Amino acid sequence: MITEPAKTFSRVFRGYDPAAVDAYIEVLIIKQRLLLDDVERLRAGLKESGAVYLNGIGGAAQFYARCIDRVTGVSLMQFGTPEAMWHLEVKDFPAVVTMDSHGRSLHQEVADASKSRLAGVLS
């Protein structure tokens, strides 16, 4: 459980996220589905920096907005308001840690279990 403010980064995953992890972002949330090809690179960056990756329910921005206590800053406004890096303090933010700072990836675990299950069904 995160009990103090964390630096977060939320944007479309296409080349910006490794840079965010390198900048010592503590919590990462993206706006679209994470491709399995991206998992290993991101997982390595999270492990190196001690950050975590969160998953939330897509399309629930209005619900999540209720958890924002305050905006403490904004970076990268040159990408426009929706794609900028917003620095937020949140409370009771409902999300699941799906990649942790120890290298564990729920994305990979689900993919591996699904492949195994499929192989059993097809044999």
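Some observations on this one:
- Global form of segment 84-123, assessed from the alpha-carbon gyration tensor, a/c cut-off 1.5: prolate
- Estimated FRET transfer efficiency when R0 is 35 angstrom, pair residue 108-residue 75 (beta carbons, to 0.05): 0.70
- Sparsely packed loop sites in segment 75-122 (the trypsin sites (Lys or Arg not before Pro) outside DSSP H, G, I, E and B with at most 16 other Cβ atoms within 10 Å) comprise 91, 104.
- Using the Cβ-Cβ distance between residue 116 and residue 48 with R0 set to 35 Å, the FRET efficiency works out to roughly 0.75.
- Rg over Rh, two decimals, segment 40-123 (C-alpha only, Kirkwood Rh): 1.10
Only the coordinates and a few stated rules stand behind these numbers; no lab work does. Just so it is clear, the structure is predicted and the values come from calculations on it, not from any experiment. We place every Cβ from the backbone using ideal geometry, glycine too, and count neighbours over all the protein chains shown.
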